[in-house]
Amino acid sequence: MDEEQLVRRVARGDRDAFDELYRRTSPWLAVRLRRRCADDDVVADVMQETYLAVWRAAAAFAGAGVGGSAVGWLWTIAARRLVDALRRRSRDARAPHAALPMPPAPPAEDEVLGTVLGDEIGAALNRLAPELRQVLQAMVLDGLTVRETAVLLGVPEGTVKTRARRARIALREALS
Amino acid sequence: MRLATFLGRRDRARKPVAVAPDHVPRAVLARYAAGAPGFGTDALWTVEAHLESCPSCRGVLAEALERYSPETASLLNLVGSRLATELPRTARMPARRRRRVARWAPPGLWAWLVMALAVVGAALGLDVAGSSRVLPSLVLLVAPVAPLIGVASLWSTGLDPAHELVVASPRAGLYMVLRRTLAVLIVVVPALTVAGLAVGASPARWLLPCLAFTAGALVLGELIGLGWAAFSLGLAWTAGVIAPSLLAARTPLLLEPASLPYWSGFTVLIGLALLLRRDAYTGLRSAPWFVR
């Protein structure tokens with residue numbers, strides 16, 4: 001049984017299906033969230049809110065925006081909850097955001113490369129400045145809007161737009 | 001957002017489509033799970049995009065957690081135990097079918113519909129039990145006012161906890177009242193038809209009076225409240241028609257086929273009155289029936 005069927009059974013109130021869904025997807029979700037937020041308390045809260053939302057609103061899952069994938073749906077919820085949590089925290093404490101761990105490094109995983117992104121675009125990505133890459137990751141990989149990206153990275157919206165534009169130009173040049 | 005969309009590229013054919021035929025090597029997954037730095041962006045993207053679409057790699061990642069990232073594993077246990085206490089307390093969104101039904105009926109309608117059906121059933125039972133005596137059919141006598149039992153509950157503060165929201169919604173007003181009335185009729189009229197056919201009271205004799213009373217309750221409801229309107233009409237019919245015809249043991253003149261033209265004219269008049277006063281159903285101040 002795949003994740004989409006599990007979500008549909010959760011929609012009918014099947015608690016076992018929910019536990020199975022949690023067992024299958026939570027490790028992946030936790031690792032992915034922890035790579036974006038250094039604070040484990042926030043990650044735990046976001047995870048809890050995400051799965052509660054799944055339990056509450058599984059009946060609304062149509063998968064339209066994410067190509068019918070339940071896992072993509074899960075990530076959409078989690079990313080939005082993470083942005084909300086960061087927004088709340090920055091309002092409460094005005095604390096600086098934890099920087100995303102993304103030092104420029106040589107591509108050590110050449111064997112997985114090329115299968116998804118293609119060599120030229122991979123190399124171009126690695127040459128990008130780190131702050132441009134963060135913007136690109138939030139907007140392209142995580143599917144966030146400009147405003148949400150601004151909250152996630154802790155920079156003004158205008159900066160996000162500028163960086164996105166610079167990243168776009170740099171990638172275009174590298175690919176042409 | 002897809003990368004090609006982000007870049008605004010049209011020549012997508014040049015770029016390989018984002019499909020990974022192979023799986024991510026275990027060592028890479030272990031480093032990803034451990035949160036190890038030094039991932040190239042391209043590798044990170046590749047891994048994350050692949051994980052989203054590959055259940056088996058997610059399984060491998062879950063196994064790697066125990067060994068390479070105990071903090072994540074303990075975090076998962078913590079969240080799991082918190083969820084176990086939270087889930088039973090969490091209200092759930094109703095399934096689509098129930099939401100669709102709720103668009104047609106206020107929450108308290110069921111009990112009233114059951115009561116209307118019970119009245120029809122009781123009339124049918126009395127008819128069948130007393131068929132040897134020469135009495136007018138009770139089903140026929142009850143039929144004109146049977147839907148009023150349901151109509152009485154359509155629009156009241158006491159039965160709908162969300163009445164303030166309902167009355168402020170764009171569909172509130174005559175449209176919503178008519179829709180709910182239709183829901184009542186859809187349940188009650190077939191039951192009456194079955195019961196009537198069983199005792200020889202065809203719908204031709206009671207359907208028009210039935211509709212006239214229902215519409216009349218709606219018109220009167222604009223003035224004194226739907227509940228009171230249904231109650232007073234029902235009481236008037238019981239006292240003025242049902243009781244005398246039971247005492248006299250004959251079918252009332254009002255339900256003879258000869259009076260049907262009058263009923264149809266009456267129904268048209270009531271319908272016109274309903275249309276003329278349809279604005280009285282919008283807005284809280286001009287809706288006295290919403291006062292308890």
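The values are calculated or read from the model by the stated rules, or taken from the named source; none is laboratory data. Note that the structure is a prediction, hence the values are computed from the model and not measured. Cβ placement follows ideal geometry from the backbone for every residue including glycine, while neighbour counts extend to all protein chains displayed. Ligands, DNA and RNA are stripped out before the accessible areas are found, and what is left, the full protein with its side chains, is counted by its heavy atoms. Shrake-Rupley method; radii C 1.70, N 1.55, O 1.52, S 1.80 Å.
Just checking, which of B:S74, B:S56 is of a type in the set (S, T, N, Q), farther than 22 Å from A:L52 by Cα and more than 7 Å from chain A (Cβ to nearest Cβ)? Even if it seems obvious, please write down each step before you answer.
Numbers: B:S74 fails: farther than 22 Å from A:L52 by Cα.
Going through B:S74, B:S56 in turn, just one is of a type in the set (S, T, N, Q), farther than 22 Å from A:L52 by Cα and more than 7 Å from chain A (Cβ to nearest Cβ): B:S56.
Got a number for residues in the stretch B:230-242 being small (G, A, S) and either open to solvent by 30 Å² or more (accessible area, probe 1.4 Å) or at pLDDT below 90 (or both)? Working first, answer last.
To start, the set of residues in the stretch B:230-242 that are small (G, A, S) comprises B:230, B:232, B:234, B:236, B:239-240.
Remaining after also requiring either open to solvent by 30 Å² or more (accessible area, probe 1.4 Å) or at pLDDT below 90 (or both): B:232, B:236, B:239-240.
So the answer is 4.
Does the stretch A:62-70 contain any residue that is within 11 Å of another protein chain (Cβ to nearest Cβ) and in a helix (DSSP H, G or I)?
In the first step, residues of the stretch A:62-70 are kept if they are within 11 Å of another protein chain (Cβ to nearest Cβ); the result is A:62, A:66-67, A:69-70.
From the residues that got through so far, the ones that are in a helix (DSSP H, G or I) too are A:70.
Yes: the stretch A:62-70 contains one or more residues that are within 11 Å of another protein chain (Cβ to nearest Cβ) and in a helix (DSSP H, G or I).
Quick one: what pairs do we get from the stretch A:139-155, first residue within 11 Å of another protein chain (Cβ to nearest Cβ) and at positive phi, second part of a loop (DSSP other than H, G, I, E, B) and open to solvent by 30 Å² or more (accessible area, probe 1.4 Å), C-beta under 9 Å, 6+ apart or different chains?
Note: pairs meeting the criteria are A:G143/A:G65; A:G143/A:V66; A:G143/B:M1.
So how many residues does the stretch B:221-248 have that are outside any helix (DSSP H, G or I) and under 12 Å from B:V142 (Cα atoms)? Explain how you work it out, then say what you get.
Step one: filter the stretch B:221-248 for residues outside any helix (DSSP H, G or I), giving B:225.
If we keep only those that are under 12 Å from B:V142 (Cα atoms) as well, we get none.
The qualifying residues number 0.
Give me the pairs: first residue in the stretch A:1-23 and open to solvent by 70 Å² or more (accessible area, probe 1.4 Å), second residue modelled with pLDDT of 85 or more, beta-carbon distance under 6 Å, and six or more apart or on different chains, which are they?
Short answer, once both residue conditions are applied: A:R9/A:A17.
If you check A:R147, A:R168, A:R163, A:R133, which single one turns out to be within 18 Å of B:V47 (Cα to Cα) and of a type in the set (D, E, K, R)? Talk me through it step by step, then tell me what you get.
Values: A:R147 fails: within 18 Å of B:V47 (Cα to Cα); A:R168 fails: within 18 Å of B:V47 (Cα to Cα); A:R163 fails: within 18 Å of B:V47 (Cα to Cα).
Of A:R147, A:R168, A:R163, A:R133, the one residue that is within 18 Å of B:V47 (Cα to Cα) and of a type in the set (D, E, K, R) is A:R133.
Considering only residues that are surrounded by 17 or more Cβ atoms within 10 Å (Cβ to Cβ), in a helix (DSSP H, G or I) and of a type outside the set (V, I, T), which ones fall in the stretch A:138-167? Spell out the reasoning first.
Initially, the stretch A:138-167 is screened for residues surrounded by 17 or more Cβ atoms within 10 Å (Cβ to Cβ), giving A:138-144, A:148-153, A:155, A:160, A:163-164, A:167.
Subset that is in a helix (DSSP H, G or I): A:138-141, A:148-153, A:160, A:163-164, A:167.
The answer is A:A138, A:M139, A:L141, A:E148, A:A150, A:L152, A:L153, A:R163, A:A164, A:A167.
B:E52: under 18 Å from A:G72 (Cβ atoms), surrounded by fewer than 22 Cβ atoms within 10 Å (Cβ to Cβ) and among the charged types (D, E, K, R), yes or no? Explain how you work it out, then say what you get.
On the way: under 18 Å from A:G72 (Cβ atoms): yes; surrounded by fewer than 22 Cβ atoms within 10 Å (Cβ to Cβ): yes; among the charged types (D, E, K, R): yes.
So B:E52 passes the test.
So B:R82 clears everything in (1) at pLDDT below 85; (2) facing chain A (nearest Cβ under 7 Å); (3) open to solvent by 30 Å² or more (accessible area, probe 1.4 Å) except one condition, right? Which one?
Status for B:R82: all satisfied but (1).
Quick check on A:L82: is it modelled with pLDDT of 75 or more and open to solvent by less than 60 Å² (accessible area, probe 1.4 Å)?
Working: modelled with pLDDT of 75 or more: yes; open to solvent by less than 60 Å² (accessible area, probe 1.4 Å): yes.
So A:L82 passes the test.
Name the helices (runs of 4 or more DSSP H) wholly inside the stretch B:144-220 in which the number of residues that are surrounded by fewer than 20 Cβ atoms within 10 Å (Cβ to Cβ) and under 19 Å from the mean Cα position of the chain (by Cα) is 1 or more. Write out each step before concluding.
Details: elements: B:146-151, B:163-168, B:174-199.
It comes to B:163-168, B:174-199.
Starting from the stretch B:36-50, keep only residues that are acidic (D, E), then list their pairs with residues that are open to solvent by less than 10 Å² (accessible area, probe 1.4 Å) and modelled with pLDDT of 75 or more whose Cβ atoms are within a distance under 7 Å, requiring at least 6 positions of separation or different chains.
B:D42/A:L125; B:E48/A:R32
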